[in-house]
Amino acid sequence: MAMLNQHLIDPQVCIRCNTCEETCPNDAITHDANNYVVNAQVCNGCMACVPPCPTGAIDNWHQVLEADAYSIDAQLAWEELPPRQSPAQQGVGVGVASALHRPEHLAVSSSDVLRGASVAPGSAARPHVNLYTCDAPATAIVADNYRLTDESADSAIHHIVLDFGATLFPVLEGQSIGVVPPGAAPNGRPHHARQYSLANPRDGERRGYNNVSLTVKRVTCDHEGNPALGVCSNYLCDLRKGDRVAVIGPFGSTFLMPNHPGSHLLMICTGTGAAPMRAMTEYRRRHRGDGASGRLMLFFGARTPQELPYFGPLTTLPKDFIDAELAFSRMPGRPKRYVQDALRERAADVGPWLADRNTHVYVCGLKGMEEGVLLALRDIAQCYGLDWQRVWADLRREGRLHLETY
Ligand code: FAD
Ligand code: A2P
């Protein structure tokens, strides 16, 4: 009887971030409102989805008889993974069963689906990941929570400071955490955790404190513009000082900043995508006197200045520390300007950076901007006589191009 090493996603660990579905080169992964699942008939075990998964929920392999493979419908209904079958249940001897294992021999796909790097910058510090899980979350206390965007702005984006007190919670710039909202979903199951990028540097939101910060947009309508109150973003934006929050993570082992002081950071973001850029910028600002020669360039898009989180502090940073280019799309009487337009306008500065092996590129924010930004970088590289395919391959191989869009 044919055996299958069936690829499964653990619904208790998965934070429904969609990364696996986006990454799978074979469209084997799908989801409904409950679960993310893998189609056994389509999955070829290429492992492309495994490294990008922030929690490791993706990395489950059950040996089953091919005829008994768990169907998509069965997986969608799961609240937890089924117990692993014994060799006797599988109808094979122990020797045969133990010879079946994860398809580790298959190389991680280098297909174009993974357009950013799947490795960290060479000089990045080693991150801690998955120290806390839904079964055993860390508890943080809200130390601060205030609105960043102007009261007149359509979007309410909050800066939220969470203090871990004596609980160990080491983080690096570019990492994220999961927040577990209290209560249950309409199906009676606990809400799943939502992921938020950290906005603070590794030495704390307040230097020397065991605290982190988040940049959270209150979701009041769905992606189609229909009214919808997002569960976790509203919970977070409504928190008061002293409230307790269940946190899992930290997550992220690739979108990290280089420690090498000579590295240049080219940061491109929209809206709450500013969080990791703030973290990296603040780290460099705090260590400015330590002899770093690398430069910082930021392209930041928002509808208006009133919608741009951290607008005030950003405009007061010295020009010789960070070259910040703001792109506003809804300024009365002015044409729409996106970050990719600003990149093209600044081609004379961006081109030489793309040729420089010290440059690290970070893109974070709206999913829709990814393609436009990569096309702008490609065009700028070509204008400067660079072979974009080669530049792109180098950026990815050396962990110097990171995309985090949602
Ligand atoms: P849900 O209750 O999950 O959704 C309610 C409805 O709103 C659904 O119809 C859903 O499709 C729709 N919806 C979900 N998200 C959005 C959105 N952003 N805009 C419009 N409609 C939406 N969010 C931040 O605010 N700050 C961050 O720093 C941040 N970092 C993230 C990093 C990663 C890697 C990922 C994957 C996501 C990140 N997010 C961030 C998004 C965050 O995880 C949640 O998806 C978001 O807060 C919505 O959750 P919710 O529970 O409020 O909405
Ligand atoms: P727009 O005015 O077209 O919505 P948001 O406020 O929704 O978080 O978006 C942040 C900024 O990103 C806004 O200025 C928005 O412009 C802009 N934006 C929207 N789509 C894209 C895209 N495809 N590429 C780059 N920027 C975009």
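The values are calculated or read from the model by the stated rules, or taken from the named source; none is laboratory data. Given the structure is predicted, the values throughout are model-derived calculations rather than measurements. FYI the Cβ positions are ideal-geometry reconstructions off the backbone, even for glycines, and counts take in every protein chain you see. Just so you know, the surface numbers come from the protein's heavy atoms only, side chains and all, with ligands and any DNA or RNA stripped out. Shrake-Rupley method; radii C 1.70, N 1.55, O 1.52, S 1.80 Å.
Note on the stretch 103-222: enclosed strands (runs of 3 or more DSSP E) holding 1 or more residues that are of a type outside the set (A, V, I, L, M) and over 21 Å from the mean Cα position of the chain (by Cα) are 138-147, 157-163.
Scan the stretch 371-387 and tell me whether some residue there is open to solvent by less than 30 Å² (accessible area, probe 1.4 Å) and of a type in the set (F, W, Y). No, every residue in the stretch 371-387 fails to be open to solvent by less than 30 Å² (accessible area, probe 1.4 Å) and of a type in the set (F, W, Y). For the stretch 234-249, the tally of residues that are open to solvent by less than 10 Å² (accessible area, probe 1.4 Å) and near ligand 1 (Cβ under 8 Å from one of its atoms) stands at 1.
Among the residues of the stretch 307-330, is there at least one that is among the acidic types (D, E), part of a helix (DSSP H, G or I) and within 16 Å of ligand 2 (Cβ to nearest atom)?
yes
Scanning the stretch 63-72 finds no residues that are at pLDDT 55 or above, touching a strand residue (DSSP E or B) at 6+ places or on another chain (Cβ under 7 Å), of a type in the set (G, A, S) and open to solvent by 30 Å² or more (accessible area, probe 1.4 Å). Inspect the stretch 87-108 for any residue being modelled with pLDDT under 50, open to solvent by 60 Å² or more (accessible area, probe 1.4 Å) and more than 21 Å from G45 (Cα to Cα) and give the result as yes or no. Among the residues of the stretch 87-108, at least one is modelled with pLDDT under 50, open to solvent by 60 Å² or more (accessible area, probe 1.4 Å) and more than 21 Å from G45 (Cα to Cα), which makes the answer yes. Within the stretch 371-385, being out of contact with any Gly (no Cβ under 8 Å at 6 or more places or on another chain) and either more than 8 Å from ligand 2 (Cβ to nearest atom) or part of a loop (DSSP other than H, G, I, E, B) (or both) holds for L374, L375, A376, L377, R378, D379, Q382, G385.
For the stretch 308-321, the count of residues that are open to solvent by 30 Å² or more (accessible area, probe 1.4 Å), more than 16 Å from ligand 1 (Cβ to nearest atom) and among the charged types (D, E, K, R) is at least one.
Looking only at residues in the stretch 152-203 that are charged (D, E, K, R) and modelled with pLDDT of 95 or more, the one that is farthest from K241 (Cα to Cα) is E173.
Looking at the stretch 250-269, which of the residues that are within 11 Å of ligand 1 (Cβ to nearest atom) and assigned to a strand (DSSP E or B) is farthest from T133 (Cα to Cα)? Once the filter is applied, the top-ranked residue is C269.
Inclusion of K367 among residues that are under 22 Å from the mean Cα position of the chain (by Cα), charged (D, E, K, R) and not in a helix (DSSP H, G or I) is warranted. Checking every residue in the stretch 280-294 against the condition of being farther than 25 Å from Q195 by Cα, within 16 Å of ligand 2 (Cβ to nearest atom) and acidic (D, E) gives zero matches. Under the condition of being open to solvent by 30 Å² or more (accessible area, probe 1.4 Å), over 22 Å from P11 (Cα atoms) and more than 12 Å from ligand 1 (Cβ to nearest atom), the residues counted in the stretch 170-227 number 9. Scanning the stretch 285-306 for residues that are in contact with a Gly (Cβ under 8 Å, 6 or more places away or on another chain), outside any strand (DSSP E or B) and not hydrophobic (A, V, I, L, M, F, W, C) gives S293, G294. Only one of the numbered conditions (1) on the phi < 0 side of the Ramachandran plot; (2) of a type outside the set (S, T, N, Q); (3) open to solvent by 30 Å² or more (accessible area, probe 1.4 Å); (4) within 16 Å of ligand 2 (Cβ to nearest atom) is not met by G230, and that is (3).
Taking the listed residues R278, R303, the one that is farther than 28 Å from N211 by Cβ, within 16 Å of ligand 1 (Cβ to nearest atom), open to solvent by 40 Å² or more (accessible area, probe 1.4 Å) and modelled with pLDDT of 95 or more is R303, with no other qualifying.
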